[in-house]
1. Please identify every one of the GluC sites (Glu not before Pro) in region 307-341 that sits in a loop by DSSP and has no more than 12 other beta carbons within 10 Å of its own beta carbon.
2. For region 98-222, please report how many Lys pairs fall under 14 Å Cα to Cα, leaving out neighbours fewer than 8 apart on the same chain.
3. Positive end of the charge dipole of region 178-231 (Lys, Arg +1 and Asp, Glu -1 on Cβ, about the Cα centre): tell me which of V211, L180, F225 has its Cα farthest that way.
4. Over region 322-365, average the accessible area per residue using a 1.4 Å probe and give it in Å², no decimals.
5. Can you tell me how much longer the chain between T340 and S291 gets when fully stretched, taken as 0.36 nm per residue apart minus their C-alpha distance, in nm with one decimal?
6. I need the phi-derived Karplus couplings for region 215-227: 6.51 cos²θ - 1.76 cosθ + 1.60, θ = phi - 60°, integer Hz, Gly and Pro marked x.
7. When you count, for each residue, the other Cβ atoms within 10 Å and take the mean per peptide, how do 138-145, 192-199, 32-39 rank with the highest first?
8. Spin-label point model (7 Å from Cα, Cβ direction): what's the E358 to K194 distance in nm?
Amino acid sequence: MKCLNANFQLSIFNYQFLKMKVGDKVRFLSSIGGGIVRSFQGKDIVLVEEEDGFETPVLIRECVVIEENDTQTRHTPPPTRVQPEPVPVIEMKKVQEQSLVKELPGGDRLNVYIAYLPEDIKDIVKGNYEAYLINDSNYFLLFNYMSRENNAWQSLYNGLIEPNTKMFLHEFSKENLNSLEHVCIQFVAYKQDKPYTLKNSYSVEIRVDTVKFYKIHCFRENDFFEDDAIVYPVVINDVPEREYLVSSVELQESMMQKKKEDKRLPQPIEKKVRVNPVEEVDLHINQLLDSTTGMSNADILEYQLTKFREVLEKMKDRKGQKIVFIHGKGDGVLRNAILTELKTKYKNYPCQDASFREYGFGATMVTIK
């Protein structure tokens, strides 16, 4: 008898579940009340909105439909997918005209650079690098960027770069670093739809110092990126840095042949004159100490100035010696402190900003007198 009763209740439940729908008005079987069906939760729970506006979860088998909602007005039809209109194809010339960059004062002289940045300056040992071409002029450049390996050149990227812009060239890893020791960039400069001064076509080879890629302080502040970078000038004020004219193989063979011939000639004895090379002293605190834990800003500054004084005292007998103190741009605190030291304690030592091309604004050169 119990089995038949259970089967009967299951049949009623299945019937109610199949019949009941959102919007139907129902009455509770085991308690007073009822309301309108708003949604279902699983196979046996229905949410019923009662007269007070609250939705109550109730077993479906505890509800009976007393008024069906035939219109199903609460069902929202699925949104109609609108097909996008076809975009007309624009001619390349029109695209270029629309992408013209406003000319800047002083931009009629070519200034072109290649820059290298680490993807993550904190992971310089294992991380990858990015190469960029910088066009700091009012000319369009049609260019070809190449690397040399095994006495042959291979094109890495070529294209068109707009005026006063920088362009991503490629990404490379430590394993590919040696293949970029010698790079060359060729380009032709021109303007669109306006008269301009004719420029030479350029083919400039750059010797990339791959050792610098392993040293954080070699990536320096610059005018083109928010992050520190190694920047190599290609052309400065229309003058190429190192114009590529003959192949390295031809040059090497010519030099070797001349060297063999010169060995047969008598050679006069000449005493070499030693020229003191420029000394570099990096005063960045992370280059001087492994850790600055427990040190205040004043302590760090005093440590850097102490190192500065030690170097000058050590080299005071080297007349004519040039020393470049790398202090970084930052807020200028260390630089101003160094200049104060030079004006008060080392008045006879001439000083000046170090080469902007090599150090940016972050170094001061002192000459021992």
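The values are calculated or read from the model by the stated rules, or taken from the named source; none is laboratory data. These numbers come from a predicted model, not from an experiment. Methodologically, a virtual Cβ is constructed for each residue, glycine included, from the backbone with ideal geometry; neighbour enumeration extends over all protein chains shown. Side chains are part of the model used for accessible areas, which takes the heavy atoms of the whole protein and leaves out ligands, DNA and RNA. Shrake-Rupley method; radii C 1.70, N 1.55, O 1.52, S 1.80 Å.
1. Working: sites: E310, E313, E341; in loops: none.
Listed in order of number, the matching sites amount to none.
2. Values: K102/K191; K102/K194; K122/K215; K126/K174; K126/K215; K174/K212; K174/K215; K191/K199.
Qualifying lysine pairs in region 98-222: 8.
3. Towards the positive end, the residue furthest out is L180.
4. Values: 2460 Å² over 44 residues.
Using a 1.4 Å probe on heavy atoms only, each residue of region 322-365 averages 56 Å².
5. Values: separation 49, 0.36 × 49 = 17.64 nm, distance 2.69 nm.
Value of the extension gain: 15.0 nm.
6. Each residue of region 215-227 in turn: 10, 4, 5, 6, 8, 10, 4, 8, 8, 10, 9, 6, 8 Hz.
7. On the way: 138-145: 20.9, 192-199: 10.4, 32-39: 16.1.
Per-residue Cβ counts within 10 Å, averaged per peptide and sorted highest first, yield 138-145, 32-39, 192-199.
8. Reported label-point gap for E358 and K194 is 3.8 nm.
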